[in-house]
Amino acid sequence: MPQKYKILISGGGTGGHIFPALSIANALQRRIDAEILFVGAEDRMEMERVPAAGYPIKGLPVVGFDRRHLLKNISVLLKLRKSLSMARDIVKDFQPDIAIGVGGYCSGPTLKAAQKAGVPTLIQEQNSYAGVTNKLLARQALKICVAYHDMERYFPAEKIVLTGNPIRKDLIDHAMQPAEARRRFGLDENRPTILVIGGSLGALTINESMEAGVKSLADAGYQVIWQTGKSFIPRARAAAKGLKGVVVTPFVADMAAAYAAATLVVSRAGAGSISELEVLGLPVILVPSPNVAEDHQTKNARALESRGAAVLIPDVEARQRLVTEIQRIAADPDLLAEMSRNISKLALRKSDEKIVDEIVKILYELR
């Protein structure tokens, strides 16, 4: 057995990719002697978050395809070509024992370069709908760790392992009661509280829906923790001015407390957020982002809606329906309890350890 395994992890672009990647890296460090190198996309949040977590990272200039402005994809293709070349150099220099892809623009070039170099690869597919890149990479991947059932539609059945998506350890470990969590936000500990989260960058449709309706929620006796992203914060503060029990913030630093405070959550339908909500058993209204590849957030949300575990509101309907639905659901304790039970049934726990189990099996088999 080698003294130290060299492991390449590629992915990022959003917190939904970065947090699982870091969870896997941390679990690997607990289990084996590993040197870990991340590969991310230049100018994306992983270039800050990964070093802050103590891991080195190299950036690729890769960006996503522009489906609306096809001519802009000339530069996209040039950046992809450069990224493939850089990924080959990274693989050659680092000589990893295994490469792991968790999604995001950079996973494609990195895992493709690793596969061409004969490096074993493992894919972590977070969504209920597999994207084109992962379907192509799956042909040579040894294992594909998934978070949803019925993924045989996209991948060879013999390669699939149902593991779930890793979530942040602090969310699992917290033992905070709603009353204490609400006090941390300066809120009344006994009043029902709506947590509105649009992802690290905010969500314009959700924000505009709340801008129009936050006063009616406050007037109806609900408290609101509203995470807006940076760009919308001036408008959100103006809409919430003078309203009692409304906390407006560009970013929630303590998500464990925010979740603990929540009676009902409003969220996009990214795979990472859904996995957190499942493990925590929180009732949720999902407003899928329409601006993601192959509309995978809608497919994620439908997987929950079909099991009575969430309410789905299409993005185009949110401005008309969101606030009304919040009030309808939050006023119905029986419905809240049912949604909580149903979403809890979908939770897959210790996902990081299950994924590392598969990584370790591959490493030991190749000794």
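The values are calculated or read from the model by the stated rules, or taken from the named source; none is laboratory data. The shown structure was predicted, so the numbers you read here are calculated from the model rather than taken from an experiment. Cβ: placed from backbone, ideal geometry, glycine included. Neighbour counts: every protein chain shown. Note: accessible area is taken over every heavy atom of the protein model, side chains too, but ligands, DNA and RNA are not part of it. Shrake-Rupley method; radii C 1.70, N 1.55, O 1.52, S 1.80 Å.
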Exercise. Any idea of the accessible area per residue across the stretch 80-236, 1.4 Å probe, to the nearest Å²?
Worked result: 44
Exercise. Using the Cβ atoms and a cut-off under 10 Å, what net charge is assigned to the surroundings of GLU211, where Lys and Arg are +1 and Asp and Glu are -1?
Worked result: +2
Exercise. GLU180: accessible area at probe 1.4 Å, nearest 10 Å²?
Worked result: 70
Problem set entry | Theoretical gain in end-to-end length, LYS92 to THR249 [0.36 nm per residue, Cα-Cα removed] | 52.1 nm
Problem set entry | Probe 1.4 Å, accessible area per residue of the stretch 245-290, Å² | 19
For this session: Quick one: pull the percent of accessible area on the chain belonging to carbon and sulfur, 1.4 Å probe, ligands and nucleic acids left out.
Result: 51
Problem set entry | GLN140 paired with SER216, simple spin-label distance in nm, labels 7 Å along Cα-to-beta-carbon | 5.5
Problem set entry | Solvent exposure, largest accessible area first (probe 1.4 Å, DNA, RNA and ligands not counted), of THR133, THR110 | THR133, THR110
Exercise. Which of these, ASN165, ASN134, ASN291, has the largest mean-square fluctuation under a Gaussian network model of the chain (Cα springs below 10 Å)?
Worked result: ASN291
For this session: Output the Cα-based Rg and Dmax of the chain in Å, rounding Rg to one decimal and Dmax to a whole number.
Result: 20.9, 65
Exercise. Which FRET efficiency value, to the nearest 0.05, is calculated for ILE74 and MET47 with the Förster distance at 25 angstrom and r the Cβ-Cβ distance?
Worked result: 0.50
Problem set entry | Residue among ALA347, ALA114, ALA52 with the largest mean-square fluctuation in a Gaussian network model of the chain, springs linking Cα atoms under 10 Å | ALA52
Exercise. GNM, the chain, Cα, under 10 Å: largest mean-square fluctuation among ALA117, ALA330, ALA261?
Worked result: ALA117
Exercise. For the chain, with only Lys/Arg (+1) and Asp/Glu (-1) charged at the beta-carbon, what is the dipole magnitude about the Cα centre, in debye rounded to 20?
Worked result: 780
Exercise. Is it possible to state the helix-based mean residue ellipticity at 222 nm for the chain, with each DSSP H run of 4+ residues giving -39500 (n - 2.57), the sum divided by total residues, to the nearest 500 deg cm²/dmol? What is it?
Worked result: -13500 deg cm²/dmol
For this session: May I ask for the angle, rounded to the nearest 10°, between helix 296-305 and the longest principal axis of the chain, with both axes built from Cα atoms and the value confined to 0 to 90°?
Result: 60
Exercise. Relative to the present Cα-Cα distance, how much length would full extension add between ALA179 and ARG30 at 0.36 nm per residue of separation?
Worked result: 50.2 nm
Exercise. So, in nm, how far is label LYS6 from label LYS241 when the simple model puts each one 7 Å beyond its Cα toward the Cβ?
Worked result: 5.9
Exercise. Quick one: if you stick a label point 7 Å off each Cα along the C-beta vector at ARG341 and GLU305, how many nm between them?
Worked result: 2.3
